[in-house]
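Peer 1: Here's a structure for you.
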Amino acid sequence: KIIAEMDVSPDIRLLTEEDAALFNAFCDKATEDDLDAASVELDHWLVAGAFDNGELVSAASMYPWDDMKLADTGVLTLPHARGKGYASRLFRGISHFAIKRGFEPQYRCQLDNLPSVALAKTCGLVEFGKWDVILSR
């Protein structure tokens, strides 16, 4: 099924600044490395979360890429909630919201992060390109 035509899972919803306490509690449960790698922020253009019995267990955020209608996506799932399908439902949900706003979702991940690569494949994504980041000292 095409993401834009799919129903969003009932455990997925958009997050706003009113969810700051909930989002901060989520971040407190994540590692610094996971937070840095995912780059999921509540003040991004579009933010959504996946919930388990009222607990935010996975968060995704998008921001427009330069001036294009491309929305870059980061996803972070708490360790105890991994492998349960939250991230794939969340990516599909936030992508649905972005497409309805006229944007095309883009998913980025580290190629050595095998769970992230698996998420992309589960969601039916194909590799578009590779981006090397060169750090200067």
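FYI, it's all coordinate maths here, none of it is from the lab. Every value quoted in this text rests on a predicted model; they were computed, and no experiment measured them. Ideal geometry is used to build each Cβ from the backbone, glycine not excepted, and the neighbour counts take in all protein chains shown.
Peer 1: Among Arg82, Arg101, Arg13, which one moves the most in a GNM of the chain with springs linking Cα atoms closer than 10 Å?
Peer 2: It is Arg101.
Peer 1: Projecting each Cα onto the charge dipole of the chain (Lys/Arg +1, Asp/Glu -1 at the beta carbon, about the Cα centre), which of Gly93, Leu22, Pro79 comes out farthest on the positive side?
Peer 2: About the Cα centre, the residue reaching furthest to the positive side is Gly93.
Peer 1: Nothing charged except the Cβ atoms of Lys and Arg (+1) and of Asp and Glu (-1): what's the magnitude of the dipole of region 1-95 about its Cα centre? Round to the nearest 20 debye.
Peer 2: Its charge dipole is roughly 560 debye.
Peer 1: Using the number of other C-beta atoms within 10 angstrom as an exposure proxy, rank Ile134, Ile12, Ile94 with the fewest first.
Peer 2: Result, fewest neighbours first: Ile134, Ile12, Ile94.
Peer 1: Could you please report the charge total around Glu127, scoring K, R as +1 and D, E as -1 over all other residues with beta-carbon less than 13 angstrom from its beta-carbon?
Peer 2: Within the 13 Å Cβ shell, the charges total +3.
Peer 1: So how many Å³ per residue does the convex hull of the Cα atoms of the chain work out to?
Peer 2: For the chain, the hull spanned by Cα atoms encloses 131 Å³ per residue.
Peer 1: Let me ask something else. For the chain, the longest stretch holding no GluC sites (Glu not before Pro) located in a DSSP loop with at most 15 other Cβ atoms within 10 Å is which?
Peer 2: Between exposed loop sites, the widest span is 42-126.
Peer 1: Same structure, new question: How high is the relative contact order of the chain, in percent, counting Cα pairs under 8 Å that sit 6 or more residues apart?
Peer 2: The normalised contact order for the chain reaches 23 percent.
Peer 1: Work out the count of Lys pairs in the chain where the Cα-Cα distance is under 28 Å, with the pair 8 or more places apart or on different chains.
Peer 2: So the count of such lysine pairs works out to 16.
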